[in-house]
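Below is one structure, written out as structure tokens; comments come after it.
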Amino acid sequence: MDTTMILDSGNTAWIIVATLLVLLMTIPGIALFYGGLVRQKNVLSIIMQSLLIVGAVSILWIAFGYSFVFGRSLMETDSVWRHFIGGFDKLFLQGITTSTLTTGNIPELMFVLFQCMFAIITPALILGAFAERIKFAGFLVFTVLWSILVYMPMAHWVWGGGFLQQMGAIDFAGGTVVHINAGIAALVMAVLIGRRRDYKIGHPMAPHNITFVFMGTAFLWLGWFGFNAGSGLCADGIAANAFLVTHLATCVAALTWMAIDWIYNKKPTTVGACTGAVSGLVAITPAAGSTDILGAFFIGLITPIVCFYMVAVIKPKFKYDDTLDAFGVHGVGGIIGSILTGVFATQFITGEGGVKGALYGDWHQLGVQLVATLISIVFSAVMTYLLFKVTDRLVGIRVDKRVEEEGLDIYEHGESAYNR
């Protein structure tokens, strides 16, 4: 530890709050959002999967995940492994004491936990793609393997000093690491696991509790302020801007999706507005530390238009069953946000000498964003395919016909969400 560093109590207090907010995104945010969208017989399976992720991934992260992403022992060598993990020097958080400080002059222990919440939310987003038809045991094995072999390398590449970070890719809070990574994995899983047996192309199954969907959206919206505004690790102007543009993009996206819904389906729906809000939250994530309100407005405007098209037109056309549109919203929204970061990044926010996008004359940055986006897509797709095959061979992934018909809650967990 640099002895000249002095604990900043303001930054520390803010990151404590931000960490709590990001945890709210998974439990109860994702649990309620996805849980409300599925049918009544499967809501507890969504809740259990969300809880499993929080427990299992947290243990993995503290044991070795943090060291793999942010360790330095391999980064200081010529080993080929440095391209995939940072090192083994922080396994089980060895060498990190209550006095060890990191960026923002906050305790490194606090940074460990803050980053842990990102490792949790990422696989939680994937579960929306294969909801209502996956074995709990298969989900457990896949989640553990995917977190270790897909999330951790990607996080190292982008945030831990890996080659994408060195290349200059901008991902303030998880456009590539979280949303593209999870969204592409969701698409691959949806295709490989196959459609639900009673799924009719172009006819979405009615959510069992839209109130839950709204509550989940509210928790996601609230938690996203910690997700984005906390990623600078400081209570400063960048955090304030991230807070502002996150809210603006989300508002624009919610109203845009509502308007499209109104025109396309003749009625403005609650589920549509909530989905639009989430698409805006997703897309502004990589740009929150580098764009101003102009970029936020157009990101919030463009994203729901493309995502709606993917959900309403492309998905029925290609006949894949992305149950809760994890790819259509998170994957596509993440791709749009990552690319548009290379358009709308401005030195008005990043400061003199900081990054700027194509709109302000730097077309190179847009090229970097395109390359980083493509690498994220390919890596997640290939690895998810391989891990699906491995998991299916080990424990099986899809439940049998009777379990799917009767519901995962009773057969997988021996419980019913509603007793009447």
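G226 meets each of the listed conditions (1) of a type outside the set (A, V, I, L, M); (2) within 27 Å of S9 (Cβ to Cβ); (3) part of a helix (DSSP H, G or I); (4) touching a Gly at 6+ places or on another chain (Cβ under 8 Å) apart from (4). For segment 318-336, the criterion of being touching a residue at least 60 places away in the same chain (Cβ under 8 Å), open to solvent by 60 Å² or more (accessible area, probe 1.4 Å) and part of a helix (DSSP H, G or I) is met by no residue. Pairs are defined by a Cβ separation below 8 Å, a sequence spacing of at least 6 or placement on different chains, a first member in segment 385-402 that is loosely packed, with under 14 Cβ neighbours inside 10 Å, and a second member that is at pLDDT below 95; the pairs so defined are K401/R197; R402/Y411. Return the residues of segment 32-57 that are among the aliphatic types (A, V, I, L, M), under 16 Å from the mean Cα position of the chain (by Cα) and open to solvent by less than 10 Å² (accessible area, probe 1.4 Å); say none if nothing qualifies. Across segment 32-57, the qualifying residues are I53, V57.
Please work out which residue is nearest to F118 (Cα to Cα), limiting yourself to segment 147-168 and to residues that are open to solvent by 20 Å² or more (accessible area, probe 1.4 Å) and modelled with pLDDT under 95. Going through the qualifying residues, I end up with Q165. In this entry, Q369 passes the filter for residues that are open to solvent by less than 40 Å² (accessible area, probe 1.4 Å), over 17 Å from I193 (Cβ atoms) and of a type in the set (S, T, N, Q).
Of the candidates A235, A239, the single residue that is farther than 24 Å from V306 by Cβ, at pLDDT 95 or above and part of a loop (DSSP other than H, G, I, E, B) is A235. Would you check if there is a residue in segment 88-95 being open to solvent by less than 20 Å² (accessible area, probe 1.4 Å) and either over 27 Å from Q40 (Cα atoms) or touching a helix residue (DSSP H, G or I) at 6+ places or on another chain (Cβ under 9 Å) (or both)? No, the conditions are met nowhere in segment 88-95. In segment 259-278, which residues are free of Cβ contacts under 8 Å to residues at least 12 places away in the same chain and either in a loop (DSSP other than H, G, I, E, B) or crowded, with 24+ Cβ neighbours inside 10 Å (or both)? Within segment 259-278, K266, K267, P268, T269 qualify. Being open to solvent by 60 Å² or more (accessible area, probe 1.4 Å), touching a helix residue (DSSP H, G or I) at 6+ places or on another chain (Cβ under 8 Å) and not charged (D, E, K, R) is a description that does not apply to I180. Here A169 fits the description: over 30 Å from Y418 (Cβ atoms) and not polar (S, T, N, Q). No other residue among G354, G407 is in contact with a helix residue (DSSP H, G or I) (Cβ under 6 Å, 6 or more places away or on another chain) and open to solvent by less than 10 Å² (accessible area, probe 1.4 Å) apart from G407. Looking across segment 1-26, the residues that are open to solvent by 10 Å² or more (accessible area, probe 1.4 Å), modelled with pLDDT of 95 or more, touching a helix residue (DSSP H, G or I) at 6+ places or on another chain (Cβ under 9 Å) and hydrophobic (A, V, I, L, M, F, W, C) come down to W14, I16, V17, L20, L21, L23, L24. Would you call F214 open to solvent by less than 50 Å² (accessible area, probe 1.4 Å) and assigned to a helix (DSSP H, G or I)? Here the answer is no, as F214 does not meet what is asked.
Please indicate, with yes or no, whether at least one residue in segment 189-200 is of a type in the set (G, A, S), in contact with a Pro (Cβ under 8 Å, 6 or more places away or on another chain) and either touching a residue at least 24 places away in the same chain (Cβ under 8 Å) or open to solvent by less than 20 Å² (accessible area, probe 1.4 Å) (or both). No, every residue in segment 189-200 fails to be of a type in the set (G, A, S), in contact with a Pro (Cβ under 8 Å, 6 or more places away or on another chain) and either touching a residue at least 24 places away in the same chain (Cβ under 8 Å) or open to solvent by less than 20 Å² (accessible area, probe 1.4 Å) (or both). Could you please let me know if T256 is touching a helix residue (DSSP H, G or I) at 6+ places or on another chain (Cβ under 7 Å), open to solvent by less than 10 Å² (accessible area, probe 1.4 Å) and modelled with pLDDT of 95 or more? Criteria not met by T256.
A count restricted to segment 287-307 and to residues that are within 20 Å of I260 (Cβ to Cβ) and open to solvent by 20 Å² or more (accessible area, probe 1.4 Å) stands at 6. Against the test of being hydrophobic (A, V, I, L, M, F, W, C) and more than 25 Å from the chain's Cα centre (by Cα), the options L93, L60, L109, L74 yield a single qualifying residue, L74.
The values are calculated or read from the model by the stated rules, or taken from the named source; none is laboratory data. A quick note: this is a predicted structure, and the numbers were derived from the prediction, not measured. Because the Cβ atoms are built from the backbone with ideal geometry, glycine has one as well, and the counts that use them run over all protein chains shown. Only protein heavy atoms, including side chains, enter the accessible area calculation; ligands, DNA and RNA are left aside. Shrake-Rupley method; radii C 1.70, N 1.55, O 1.52, S 1.80 Å.
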